[in-house]
Amino acid sequence: MASTDAGIPSVGISNDELKAPVTPGGRTNKPYFIDSGANEHFIVDRSDFVTYEPLQNFSGQAAEAGSKFRILGKGQVYKKVLLDGKATVLELTAYHTPDFAANLISVSRL
């Protein structure tokens with residue numbers, strides 16, 4: 001990820017049409033990706049959550065046949081982003097998915 005003048009990491013998607021600089025994730029520092037295929041927001045690190053409700057016996061199904069992942073909880077996550085050159089805080093209702101390699105922000109949920 002490149003860093004912007006504001007010191008916020010920046011990611012770009014398709015021909016630089018959409019840029020979504022995001023503050024790094026909690027302790028694991030996993031990257032954030034804006035995902036047009038995700039139907040929810042998925043966050044890897046528990047420490048990114050401001051509110052948290054543990055979920056029992058919850059799992060998700062990935063696009064790959066037979067591929068499942070654990071969902072340990074749900075809550076609010078606040079992420080600082082740079083939109084049109086201005087720092088903005090996104091409030092995301094997200095699922096805690098510690099098995100993911102990266103955090104996913106759902107385009108349809110923004």
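The values are calculated or read from the model by the stated rules, or taken from the named source; none is laboratory data. This structure is a prediction, so every number in the text was calculated from the model and none was measured. Positions of Cβ are generated from backbone atoms using ideal geometry, with glycine treated the same way; all protein chains shown enter the neighbour counts.
For the subset of segment 89-110 comprising residues that are among the β-branched types (Val, Ile, Thr) and either without any contact (Cβ under 8 Å) to a residue 24 or more places away in the chain or in a strand (DSSP E or B) (or both), which member is farthest from residue 35 (Cα to Cα)?
Filtering first and then ranking leaves 89.
State whether the residues of segment 72-88 include one that is within 15 Å of the chain's Cα centre (by Cα), at pLDDT below 95, part of a strand (DSSP E or B) and among the basic types (Lys, Arg).
yes
Pairs needed: first member in segment 56-82, among the charged types (D, E, K, R); second member anywhere, modelled with pLDDT under 85 and surrounded by fewer than 13 Cβ atoms within 10 Å (Cβ to Cβ); C-beta distance under 8 Å; at least 6 residues apart or different chains.
From segment 56-82, the pairs are 68/59; 68/61; 68/62; 70/59.
Scan segment 49-71 residue by residue and report those that are among the polar types (S, T, N, Q) and under 18 Å from the mean Cα position of the chain (by Cα).
Those that are among the polar types (S, T, N, Q) and under 18 Å from the mean Cα position of the chain (by Cα): 51, 59, 61.
Hey, can you tell me all the residues within segment 79-98 that are surrounded by 13 or more Cβ atoms within 10 Å (Cβ to Cβ), under 18 Å from residue 53 (Cα atoms) and not polar (S, T, N, Q)?
Of everything in segment 79-98, those that are surrounded by 13 or more Cβ atoms within 10 Å (Cβ to Cβ), under 18 Å from residue 53 (Cα atoms) and not polar (S, T, N, Q) turn out to be 92, 94, 95, 96, 98.
For segment 43-69, how many residues meet the condition of being of a type in the set (Lys, Arg) and surrounded by 14 or more Cβ atoms within 10 Å (Cβ to Cβ)?
Qualifying residue count for the region: 1.
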